[in-house]
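**Q** Encoded as structure tokens, here's the structure I'll be asking about.
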Amino acid sequence: MKAWTDCLATQSHAPLQESNGLCALDDHGLLYVGGDDATEFLQNQLSNDITRIGTGRSQLSAFSNAKGRMIGLFRVIPIEGGYLLLMPRSMIASVQEKLQRFVLLSKVILADISNDFALISVTLDAQDAVPGPDWPQDIDAVHQTDTLISVRLPAAEGRRRWLLLSTDTAEAIALWRRLANEFAVNGPEHWRLQNIDAGIPTLYPETSEAFVLQMANLQLIDGVSFKKGCYPGQEVVARMQYLGKLKRRMYRAEIDSVRAPAPGDELTARDAESSDGSGKVVDAVSLPNGGSRMLFIARIDRAESGDLKLVEQPATEIRLLPLPYAFEDNAEA
């Protein structure tokens with residue numbers, strides 16, 4: 001979609017908006033999973049119950065290795081003939097290659113179709129009118145026309161959020177220009193900040209295969225089904241849910257540094273002289289008024305006692321912020 005790319009190249013970005021903003025997700029892409037056996041294939045590989053979503057809903061789901069560590073995490077969007085898996089572009093090749101190993105004799109097609117879609121994220125304050133009459137109102141709901149898919153996403157702080165996917169370049173450009181007249185245009189960090197505030201993790205190459213899904217709070221945000229059949233890592237996930245005690249979980253926080261930590265950056269005990277494996281940054285974004293906001297996964301005892309520091313920024317205080325959902329009791333503090 002060269003015309004779409006050219007349109008974005010002429011667009012200047014406003015300072016990061018926490019709401020009433022839009023951005024083009026040019027750092028995200030789509031892995032298509034299609035064919036006669038696509039539903040059964042994904043049901044056997046992913047953490048969530050694909051049969052629950054039908055044609056009018058999307059869902060979060062993880063693809064894990066045999067040790068229960070998440071290889072990839074994505075939003076699954078049903079389309080005619082298959083599914084779209086939304087994730088950072090940097091993750092697509094690896095996820096595709098590892099999923100391909102399980103295709104065997106199944107009638108399944110895997111294809112990177114990122115360049116066939118324009119991806120737009122829109123975030124509104126609760127009181128503002130919805131710009132599109134066909135944009136779904138229920139969380140995770142999907143509305144589709146021949147050329148446009150609109151998905152309602154979870155948000156936080158009283159905001160509402162949608163993802164728009166268009167296969168028609170002219171339609172995408174017209175929609176973008178109309179929305180840009182109403183809302184501040186941001187870069188991809190707008191999307192990342194919304195996920196951070198909603199407590200929704202993103203996996204990058206630096207954190208792939210680093211976390212069991214409960215560490216990333218997926219059981220709290222409808223990213224796993226404990227009633228479906230087997231999938232890679234299912235025994236580890238089930239054992240942690242029903243027999244074990246969760247020792248690590250994901251937190252939201254702010255730090256004073258304007259240099260946002262990178263995904264995979266290490267956290268350690270405050271008195272440690274080097275990394276001790278206490279935790280890792282999931283994602284972080286620099287804020288326009290100073291400081292940074294982040295999601296990180298760490299040992300519960302150290303996170304909740306304030307006994308953590310960033311290895312690369314040891315003098316920076318980590319201030320925990322509330323998440324829009326409550327933690328469960330299956331944990332060791």
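**Q** Please identify the pairs in which a residue from the range 35-46 that is in contact (Cβ under 8 Å) with a residue 24 or more places away in the chain and buried (at least 18 other Cβ atoms within 10 Å of the Cβ) has its Cβ atom under 7 Å from the Cβ atom of a residue that is among the aromatic types (Phe, Trp, Tyr) and in a loop (DSSP other than H, G, I, E, B), counting only partners at least 6 apart or on another chain.
**A** Here the result reads 45/102; 45/231; 46/231, each pair linking the range 35-46 to a residue that is among the aromatic types (Phe, Trp, Tyr) and in a loop (DSSP other than H, G, I, E, B).
**Q** Let me ask something additional. Just the residues that are surrounded by fewer than 21 Cβ atoms within 10 Å (Cβ to Cβ) and under 23 Å from the mean Cα position of the chain (by Cα), please, taken from the range 157-175. Please lay out each step first, then the result.
**A** Let us first name the residues in the range 157-175 that are surrounded by fewer than 21 Cβ atoms within 10 Å (Cβ to Cβ), namely 157-160, 167-171, 173-175.
Residues satisfying the conditions are 157, 158, 159, 160, 167.
**Q** Just checking, which of 84, 164, 124 is assigned to a strand (DSSP E or B), out of contact with any helix residue (DSSP H, G or I) (no Cβ under 9 Å at 6 or more places or on another chain) and closer than 18 Å to residue 19 by Cβ?
**A** Only one candidate qualifies: 124.
**Q** Let me ask something additional. Just one of (1) free of Cβ contacts under 8 Å to residues at least 12 places away in the same chain; (2) part of a helix (DSSP H, G or I) trips up residue 129, so point out which.
**A** Result: residue 129 fails condition (2) only.
**Q** I would also like to ask the following. Evaluate the range 156-166: report whether one residue or more is aliphatic (A, V, I, L, M), out of contact with any His (no Cβ under 6 Å at 6 or more places or on another chain) and more than 16 Å from residue 85 (Cα to Cα).
**A** Looking through the range 156-166, at least one residue is aliphatic (A, V, I, L, M), out of contact with any His (no Cβ under 6 Å at 6 or more places or on another chain) and more than 16 Å from residue 85 (Cα to Cα).
**Q** How many residues does the range 87-114 contain that are closer than 12 Å to residue 28 by Cβ and assigned to a helix (DSSP H, G or I)?
**A** Qualifying residue count, the range 87-114: 5.
**Q** Within the range 263-306, restricting attention to residues that are among the acidic types (Asp, Glu) and touching a Ser or Thr at 6+ places or on another chain (Cβ under 8 Å), which residue is nearest to residue 321 (Cα to Cα)?
**A** Result: 283.
**Q** Now a separate question. Of everything in the range 47-93 that's among the basic types (Lys, Arg) and within 22 Å of residue 116 (Cβ to Cβ), which residue is surrounded by the fewest Cβ atoms within 10 Å (Cβ to Cβ)?
**A** Taking the candidates together, the pick is 89.
**Q** May I pose another question? Is the range 62-71 home to any residue that is out of contact with any helix residue (DSSP H, G or I) (no Cβ under 9 Å at 6 or more places or on another chain) and closer than 21 Å to residue 191 by Cα?
**A** For the range 62-71, residues out of contact with any helix residue (DSSP H, G or I) (no Cβ under 9 Å at 6 or more places or on another chain) and closer than 21 Å to residue 191 by Cα: absent.
Conditions (1) modelled with pLDDT under 95; (2) in contact with a Gly (Cβ under 8 Å, 6 or more places away or on another chain), marked per residue:
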| residue | (1), (2) |
| --- | --- |
| 248 | no, yes |
| 252 | no, yes |
| 256 | yes, yes |
| 259 | yes, no |
| 275 | yes, no |
| 279 | no, no |
| 309 | no, no |
| 322 | no, no |
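The values are calculated or read from the model by the stated rules, or taken from the named source; none is laboratory data. Quick caveat: nothing in here was measured; it's all calculated off a predicted structure. Virtual Cβ from ideal backbone geometry, glycine too; neighbours counted across all protein chains shown.
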